[in-house]
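The values are calculated or read from the model by the stated rules, or taken from the named source; none is laboratory data. Nothing here was measured: the structure is a model prediction, and the numbers come from that model. Note that we place each Cβ from the backbone using ideal geometry, even for glycine, and neighbour counts take in every protein chain shown.
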Amino acid sequence: MKGDLRTGFYVILVVTLYAFTVIVKLEAASSETKTCFQRKSPCFLKKQTCPKQCPSFSPPAGSTKACVIDCFNPICKATCRNRKPNCNGKGSACLDPRFIGGDGVVFYFHGKRDENFALVSDVDFQVNARFIGLRPSGRSRDFTWIQSLGLIFGHNSKTFSLEATKAAKWDNQVDHLGLSFEGKEISLPKGDASVWSSSREDIKIERTSDLNSVLITLQDIAEIWVNVVPITKEDDIIHRYGRPEDDCFAHLEVQFRFLKLSKNVEGVLGRTYREDFKNPAKQGVAMPVVGGEDKYRTVSLLETNCNACVYSSGLISLDKVEPLLLNQNTVDCTGGSSSGVGIFCRK
């Protein structure tokens with residue numbers, strides 16, 4: 001009798017272990033995998049498989065999270081992230097404009113309305129932003145927001161621009177995104193997961209909701225999450241913007257994830273990723289403002305010349321320069337001072 005029970009127990013144990021193994025293999029098979037090919041990363045040639053909570057790098061319509069890999073993450077594991085910008089995360093630029101740099105420090109850069117500034121300038125790509133804004137009576141500076149992005153990249157200095165189109169009143173059922181590549185308008189069908197890519201597939205635009213949200217992927221360079229939002233009446237009352245009735249100041253919320261950067265990267269946001277950067281933002285104040293308007297101002301949205309810009313017109317590739325060792329863990333500075341690997345969030 002005891003022998004039969006023992007035999008039955010082992011049979012059940014073996015069947016259970018087999019079933020568990022099959023389930024694990026099926027889950028792994030249904031999850032996408034990528035390999036890191038960045039030579040100086042700790043994860044070089046290591047495969048990263050997406051977690052079951054977010055099994056795809058390009059999830060289907062309706063998904064709230066997508067899989068991402070970080071070749072410089074010490075644990076070499078793929079993770080989940082939201083499909084829209086996290087305005088409390090590293091590499092973000094939201095509000096008027098509030099940045100969180102590569103060093104995890106919160107700062108404000110107001111620039112000037114109706115002017116353009118280099119957010120990131122590196123040897124083979126640049127990201128500029130056009131600011132819109134207003135100045136109520138009695139104020140010494142403009143309130144500003146990011147209205148559009150201009151990207152210049154590649155050996156032939158290709159151009160892409162994205163803008164929040166002007167609207168008197170915000171309508172959630174209207175797409176407020178304007179897109180163009182090499183000066184030609186892009187028609188991106190409405191609907192979550194709708195995709196457009198260039199003929200060489202060096203840039204891809206993917207909707208992350210039915211309207212007003214996209215993910216821009218510059219192949220092997222960066223991922224940029226973008227969301228279009230208005231200045232609401234509540235925002236106007238709280239911050240005393242003095243918003244007119246005929247303009248809701250539609251603007252962009254943006255978050256960057258860089259796949260590689262050189263050690264000489266520049267720009268309002270780009271410089272915060274440098275190993276030698278010391279953030280001048282004054283800590284302990286409600287709005288730590290940094291300057292640099294004269295260093296980063298460009299003539300137009302797609303102009304790469306500024307006093308501190310390092311873009312080389314595509315003549316130099318990041319593959320030929322010393323890269324920064326990036327840790328791209330998403331930082332959420334809402335949960336306290338310590339968030340993510342090696343990042344300290346300061347208020």
- Sole miss for LEU119 among (1) assigned to a strand (DSSP E or B); (2) not assigned by TED's automatic domain parsing to the domain that holds LEU151 is condition (2)
- Item | Selected residue [among the basic types (Lys, Arg), crowded, with 18+ Cβ neighbours inside 10 Å and either at pLDDT below 80 or under 21 Å from the mean Cα position of the chain (by Cα) (or both)] from ARG271, ARG346, ARG243 | ARG271
- Message: Looking at ALA308 and the list (1) at pLDDT 95 or above; (2) in contact with a Pro (Cβ under 9 Å, 6 or more places away or on another chain), which single condition is not satisfied?
- Response: (2)
- Within the range 228-263, which residues are in a helix (DSSP H, G or I), under 18 Å from LYS169 (Cα atoms) and aliphatic (A, V, I, L, M)? ILE237
- Select, from THR159, THR144, the only residue that is surrounded by 22 or more Cβ atoms within 10 Å (Cβ to Cβ), at pLDDT 95 or above and either among the β-branched types (Val, Ile, Thr) or assigned to a strand (DSSP E or B) (or both). THR144
- Query: Taking ASN307, is it of a type outside the set (Phe, Trp, Tyr), buried (at least 17 other Cβ atoms within 10 Å of the Cβ) and either closer than 20 Å to CYS67 by Cβ or not assigned by TED's automatic domain parsing to the domain that holds ILE69 (or both)?
  - Reply: no
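Results for (1) surrounded by fewer than 20 Cβ atoms within 10 Å (Cβ to Cβ); (2) within 12 Å of the chain's Cα centre (by Cα); (3) modelled with pLDDT of 95 or more; (4) not aromatic (Phe, Trp, Tyr), shown as yes or no for each residue.
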{"site": "GLN53", "(1), (2), (3), (4)": "yes, no, no, yes"}
{"site": "SER58", "(1), (2), (3), (4)": "yes, no, no, yes"}
{"site": "THR64", "(1), (2), (3), (4)": "yes, no, no, yes"}
{"site": "ASP70", "(1), (2), (3), (4)": "no, no, no, yes"}
{"site": "ASN73", "(1), (2), (3), (4)": "no, no, no, yes"}
{"site": "CYS76", "(1), (2), (3), (4)": "yes, no, no, yes"}
{"site": "ALA93", "(1), (2), (3), (4)": "no, yes, yes, yes"}
{"site": "ASP96", "(1), (2), (3), (4)": "no, no, no, yes"}
{"site": "ILE100", "(1), (2), (3), (4)": "no, yes, yes, yes"}
- How many residues does the range 27-64 contain that are farther than 23 Å from SER213 by Cβ and touching a residue at least 60 places away in the same chain (Cβ under 8 Å)? 3
- Query: Somewhere in the range 92-110, is a residue under 17 Å from ASN227 (Cβ atoms) and either among the polar types (S, T, N, Q) or not assigned by TED's automatic domain parsing to the domain that holds GLY178 (or both)?
  - Reply: yes
